[in-house]
Amino acid sequence: QVQLVESGGGLVQPGGSLRLSCIASGTIFKFNTMGWYRQAPGKQRELVAEITSGGSTNYLDSVKDRFTISRDNAKNTVYLQMNSLKPEDTAVYYCNCINVWRVVYWGQGTQVTVSS
């Protein structure tokens, strides 16, 4: 059974930083594409960043140059470093995993609130 457990969310002032972590279990992590999605109230869930098994990355335009996704296959963990946070980054952030059979898994989400 695949489990994704996120951590690192919280309240931060505009311009601040947070690092989200997602630990995966029950899967061969190094073969998976891992991603971070977010969903703000009243809005659709959107892809923020993803990283393939080969290390290729893709970002939402509005977070490029501010957010960085990375992975540590030895720790079965994917990270999202978020810098220069803005109020519009406020959302629930979800970890996402796509395995080699294209089966998708989701974490439970972690709240990120950017406010003064």
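The values are calculated or read from the model by the stated rules, or taken from the named source; none is laboratory data. The shown structure was predicted, so the numbers you read here are calculated from the model rather than taken from an experiment. Heads up: the accessible areas ignore ligands, DNA and RNA and are worked out on the full protein's heavy atoms, side chains in. Shrake-Rupley method; radii C 1.70, N 1.55, O 1.52, S 1.80 Å.
If the cut-off is 18 Å between C-alpha atoms, which aspartates and glutamates fall inside it for K75, apart from same-chain ones fewer than 8 positions away?
List returned: E6, E50.
Roughly to the nearest percent, how much of the accessible area of the chain is carbon and sulfur, given a 1.4 Å probe?
48 percent
Connecting C-alpha atoms closer than 10 Å in a GNM of the chain, tell me which of P87, P14, P41 has the biggest fluctuation.
P41
Would you look at the GNM of the chain, springs on alpha carbons closer than 10 Å, and say which of K30, K43, K64 moves the most?
It is K43.
May I ask you to list the lysines whose Cα is less than 25 Å away from that of K43, ignoring any residue fewer than eight positions away on the same chain?
K64, K86
With viscosity set to 1.306 mPa s at 10 °C, what whole-number translational diffusion coefficient in µm²/s follows for the chain from Stokes-Einstein and a Kirkwood radius over Cα pairs?
It comes out at roughly 113 µm²/s.
In what sequence, largest accessible area first, do Y93, Y59 appear using a 1.4 Å probe?
Correct descending sequence by accessible area is Y59, Y93.
Using protein chains only and a probe of 1.4 angstrom, how many square angstrom of V114 are accessible, to the nearest 10?
10 Å²
Under a 1.4 Å probe, what is the accessible area of the chain per residue, stated in Å²?
Details: 6230 Å² over 116 residues.
Computed with neighbouring chains in place, this is 54 Å² per residue.
So how compact is the range 23-81: Cα radius of gyration and Dmax in angstrom?
For the range 23-81, the Cα radius of gyration and maximum Cα-Cα distance read 12.1, 37 Å.
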